[in-house]
Amino acid sequence: MIDTFVDLFNFTLISRDLLKLFLIISFALFLYLFSKLLIHKVIHKYIISNKIKWDNYLLNRKVFLSIVFLPSLILIFNYADTFPKFESIIKKLVLTMIIIIMLRFVTNLFNALNDIYKTLPIAKNKPIKGFIQIILILLYIVALLIIVSIFTETNPWVIISGLGAMTAILILVFQETILSFVASIRITSSGIIQIGDWLEVPKFGADGEVIDIALHNIQIQNWDKTITNIPTHKLMADSFKNWQGMVQSGGRRIMRNILIDINSIKFCDNEMIDKFSKIDYLKEYIKLKQAELNEYNLKNNIDDSIKVNGRRLTNIGMFRAYILNYLNNHPYINKDLILLIRHLSPDSNGLPIQIYVFSNQTAWVKYEEVQADIFDHLLAVVNEFDLRVFQNPSGSDFKKLSN
């Protein structure tokens, strides 16, 4: 068509070549502008106006815009023989650009497909980003081989066969990729790490939520909103803690001690027992425990005139029983998991009473609120059992002593 148009005019040889070049560039520019206008005015407008959601991801990833140069390049390739001296180099350059554009198109398309896939429920357990990256790497390698074969005018299979001697070098170069690929397969197949999991990786200073699982890196958004990138294969090679099991179990552990001053521990007298019997959480316990102790002491002919003889109620035992019943009746304690109130070995800081229970509130803020409320209450009621909480002397203590 261009030659026919040029033949209508009587130009010199140089003028004819310049006119052909001008017309080819003009038509190529026209095709580019027309393609861009078509994509913007027709395709994009249709995607924005319809009710389909998945095609918006194609728009956001600029899938259609990535091939806007393709018609112009095809035109230039077809008319490369117009300039015989430069035909070979023009075709090689144009083919290279076409391959690069197609790679860009495929990359954007795969990224859009990954975005669409992430909207599905299965995406949390089975991410495909790592596999997509592997496919793209293979496509880049194939494209590079094709480009090399175009410029060297060699069969691609000849180049591939020559790579056998370079296997060791390639393995060394792509060592990180190979290790990451194997790690990605382990993660995907076992489901050991999923998007949204709470991961704690002390070696990398990471403690937060997994926001992305890719081929080379796993991104963790820490609770301070910073982001830590951890190489996939290094994460799988080292130890880490996944808190997701805690979330799925429906209980988050509370394990904290109350230090009791040993000097405040004593046997309960009748006055104390009468006082404790008025506490709702101890009424039934005292009734059953007294019956058990009386039966034991009577059976063994225990002399009640001395307190150390036989078995007796103590204020620390009453306090433990109170904590147990209090937690058993607490609305935010998971009764299906371990609920334990125990003594730890006494030391210079007193007798530790350890509360080992699980809150049914696993969200961090709510969990901390529940834990604080429980210990607010328990620390406030310690004095009701004639016990004292141990703490090291402070300045005010020494001031009272001096006074």
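Every number in this text was worked out from the coordinates using simple rules, so none of it is lab data. The model shown is predicted, which means the values in this text are computed figures rather than measured ones. Here Cβ is always computed from backbone atoms with ideal geometry, including for glycine, and neighbour counts include all displayed protein chains.
Worth pointing out:
- C-alpha long axis of helix 315-328 to longest principal axis of the chain, angle in °: 40
- In the chain, the longest principal axis of the Cα atoms and the axis of helix 129-152 are about 20 degrees apart.
- Entries of Lys92/Lys129; Lys62/Lys234; Lys36/Lys62; Lys275/Lys299; Lys126/Lys234 with Cα pairs more than 22 Å apart: Lys92/Lys129; Lys62/Lys234; Lys275/Lys299
- Kirkwood Rh, Cα atoms: Rg over Rh of the stretch 252-402: 1.02
- Over the chain, relative contact order from alpha-carbon pairs under 8 Å, at least 6 apart, %: 11
- Charging the Cβ of each Asp and Glu at -1 and of each Lys and Arg at +1, and nothing else, the dipole of the stretch 2-119 about its Cα centre rounds to 620 debye.
- On Cα atoms only, tilt of 175-190 relative to the major axis of the chain in degrees: 60
- Rounded to the nearest 20 debye, dipole of the chain from Cβ charges on Lys, Arg, Asp, Glu: 660
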